[in-house]
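J.: I have a structure I would like to understand better, so I am pasting it below and will then ask my questions one at a time.
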């Protein structure tokens, strides 16, 4: 990381990332995203974003969303790595989840 890197607040990161996630994930029934600050495997600060969606998101769409997020955050001087996961709704019936595994 650059020694001159500045870290934006979590509120600023949310403000920047939310419209990008909406734009990239809207066609996958994007609901909301939780963004947290964490440490990466190397001890450096990272953002972890858990996006709740209604449909499975292809890997290439996730990769493009990550590229958008990195570009937008870097443009504001924050060089933290971003991890993005998408999560489908959990089934209401616990047996339905077990049936999907088999």
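Each value in this text was obtained by applying a stated rule to the coordinates, not by laboratory testing. If you're wondering where the values come from, they're calculated on a predicted model, not measured in any experiment. Cβ coordinates were reconstructed from backbone atoms using ideal geometry, including for glycine residues, and neighbour counts include every protein chain displayed.
J.: Could you order the peptides 28-37, 47-56 from most to least packed, using the average number of other C-beta atoms within 10 Å per residue? Walk me through the numbers on the way to the answer.
T.: Numbers: 28-37: 15.2, 47-56: 16.7.
Ranking the peptides 28-37, 47-56 by packing returns 47-56, 28-37.
J.: Here's something else I'd like to know. Within 10 Å of each residue's Cβ, count the other Cβ atoms and sort 66, 21 from fewest upward. Mind showing how you got there, number by number?
T.: On the way: 66 17, 21 22.
Least to most surrounded, the residues fall as 66, 21.
J.: Now a separate question. If I stretch the segment between residue 50 and residue 76 completely, what's the gain in nm (0.36 nm per residue apart, minus their alpha carbon distance), one decimal?
T.: Net length gain for the segment: 7.2 nm.
J.: Could you please rank 69, 88, 81, placing first whichever residue has the fewest other Cβ atoms within 10 Å of its Cβ?
T.: 88, 81, 69
J.: Expressed in nm to one decimal, what extension gain is obtained for the pair residue 6 and residue 36 from 0.36 nm per residue of sequence separation less their Cα-Cα distance? Spell out each step's value before the answer.
T.: On the way: separation 30, 0.36 × 30 = 10.80 nm, distance 1.69 nm.
Stretched out fully, the residue 6 to residue 36 stretch lengthens by 9.1 nm.
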